[in-house]
Amino acid sequence: MNRTRPGWELYERMIARMIADQSGTDLCVTPNAKLIGKISGVKRQIDVLIDARHDTDNTLRVVVDAKHRRRKVDVKDVESFLGLMKDTNATHGYLVTSSGYTEAARKRAQMYVSIRIVPVDRLENFDPSTWPQCRDIGCRHGRVFWDGYPELSLSVVPLANVHEQEPKTLRYLHYVGKCDRCGLFHVWCTTCNEILAIPHDNEDDCGHQCRCKLPWFWLASVEADEEGNKSAELHAVLGTGEVITANRRGL
């Protein structure tokens with residue numbers, strides 16, 4: 001197991017990986033997310049953030065707090081977590097602990113918070129140092145966390161007997177994700193094996209294509225929902241003009 005990161009950080013990344021692997025394709029998972037609190041007005045760190053993937057909809061936001069420590073989660077921990085949920089407009093939350101929880105914590109959690117136990121021994125074969133390095137040269141030690149796998153398709157007709165043959169659909173698998181330190185979006189084309197870094201805060205950015213030069217490109221932007229909550233979004237812009245939102249993270 002990689003030992004360059006502190007144990008609590010490894011535990012947080014493991015919980016994020018477990019959630020991403022178990023979530024539906026309509027949800028995106030962000031480790032080490034940072035949101036501006038609607039009440040506090042300050043930046044709040046969230047161990048794992050779960051949001052809708054394909055549109056600017058934050059009404060089903062879920063936050064996760066991963067606690068890797070020796071003592072049990074108590075009622076004060078639940079109270080603090082409920083405050084974080086309210087400040088970030090989360091509709092539900094998960095408190096994940098390696099050491100259990102008190103009966104008072106369970107009662108206080110009620111219907112809005114779920115408490116789960118994930119033993120620390122699950123870390124034995126978990127090593128985020130095997131993840132690709134962040135492509136931002138200014139990001140130290142960041143690793144790319146993949147949480148989406150969009151498949152883009154292209155219809156082609158063979159040149160031979162073009163009028164007699166049915167179009168064939170070619171499918172191209174991509175991985176999409178973000179750096180677990182700075183949040184920079186990344187796209188990995190599994191066809192040419194190139195990994196692209198896609199910034200969301202560059203207004204002059206005209207999009208990014210991999211070496212395949214297929215009829216689509218990737219572009220990120222900042223969008224806001226009806227209540228003004230902002231999020232960075234990663235889009236696949238197809239040659240047909242269709243735009244697919246492939247990943248999101250709150251801001």
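Listed values, structure above:
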{"quantity": "Debye-sum result for the chain in log10 I(q)/I(0), which assumes one identical scatterer on each alpha carbon, at q = 0.10, 0.18 Å⁻¹", "calculated": "-0.54, -1.42"}
{"quantity": "Principal axis dimensions, largest first and in whole angstrom, of the range 7-128 by Cα", "calculated": "37, 33, 25"}
{"quantity": "Segment ARG70-GLU223, extension gain: residue separation times 0.36 nm, minus the distance between their alpha carbons", "calculated": "51.0 nm"}
{"quantity": "Number of Lys pairs (Cα under 16 Å; 8 or more positions apart or on different chains) in the range 45-121", "calculated": "4"}
{"quantity": "Straight-distance crosslink candidates among aspartates and glutamates, where the alpha carbon sits under 16 Å from LYS178 and sequence neighbours closer than 8 are dropped", "calculated": "GLU12, ASP21, ASP47, ASP51, ASP136, ASP147, GLU194, ASP201, GLU233"}
{"quantity": "Theoretical gain in end-to-end length, ASP121 to ASP205 [0.36 nm per residue, Cα-Cα removed]", "calculated": "25.8 nm"}
{"quantity": "Simple spin-label estimate for ASP21 and SER99 in nanometres, 7 Å along Cα-Cβ", "calculated": "2.6 nm"}
{"quantity": "Angle between the chain longest axis and helix 7-22 axis [Cα atoms, degrees, rounded to 10]", "calculated": "50 degrees"}
{"quantity": "Length-normalised contact order of the chain in % [C-alpha pairs under 8 Å, at least 6 apart]", "calculated": "15 percent"}
{"quantity": "Reachable lysines from LYS168, criterion Cα separation under 26 angstrom, eight or more residues apart if same chain", "calculated": "LYS213"}
{"quantity": "Max mean-square fluctuation residue, GNM over the chain, Cα-Cα springs under 10 Å, options LEU35, LEU60, LEU84", "calculated": "LEU60"}
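Every number in this text was worked out from the coordinates using simple rules, so none of it is lab data. Quantities reported herein were computed from a predicted structural model and do not represent experimental measurements. With ideal geometry, Cβ positions are generated from the backbone for all residues, glycine too; neighbour counts draw on all protein chains shown.
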